[in-house]
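Here, each number is a calculation from the coordinates, and none is a lab measurement. All figures in this text were calculated on a predicted structure; none of them were measured in a lab. Methodologically, a virtual Cβ is constructed for each residue, glycine included, from the backbone with ideal geometry; neighbour enumeration extends over all protein chains shown.
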Amino acid sequence: MIRITHHRAKCIGCNYCVEVAPSRWTMDESDGKSNLNGASGKKGFFTVIASDDEFYANTEAAEICPVKIIKVEKI
Ligand code: SF4
């Protein structure tokens, strides 16, 4: 399993995470930031547990994010 974390409060809405991992990320038209699908959170941080087969796409999202607010770790 993996844990994906999104510091959503600092998202600049560039859409890169949606492009590389579209099954896990969507843009929120209400405020122009991305949403980590299925995540729960508070105070601007969102977290979700996902299966290993999402590791590579979301690691790519973490690497491509220009403000480095996505973290992916194996658990
Ligand atoms: S790549 Fe980073 S800054 Fe860009 S939309 Fe995704 S989380 Fe936000």
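Quick notes on this one:
- In the chain, the DSSP-assigned H stretches of four residues or longer account for a calculated mean residue ellipticity at 222 nm of -5000 deg cm²/dmol, using -39500 (n - 2.57) per stretch and the full residue count as denominator.
- Ordering Ile69, Ile49 by the number of other Cβ atoms within 10 Å of each residue's own Cβ, fewest first, gives Ile49, Ile69.
- Rg/Rh for the chain (Cα atoms only, Rh after Kirkwood) is 0.92.
- Applying the criteria of a DSSP loop state and at most 16 other Cβ atoms within 10 Å to the trypsin sites (Lys or Arg not before Pro) of the chain yields Lys43, Lys68.
- Length added when fully stretched, Arg3-Ser30, from 0.36 nm per residue minus Cα-Cα: 7.1 nm
- Unit charges at the beta carbon, dipole of the chain: most positive-side option, Ala9, Ala62, Gly38: Ala9
- Using Cβ point charges alone (K and R +1, D and E -1), the dipole size of the chain about the Cα centre works out to roughly 460 debye.
- With contacts taken as Cα pairs under 8 Å at a separation of at least 6 residues, the chain carries a relative contact order of 46 percent.
- In nm, spacing of pseudo-spin labels at Lys71 and Asp53 (7 Å Cα→C-beta vector): 2.7
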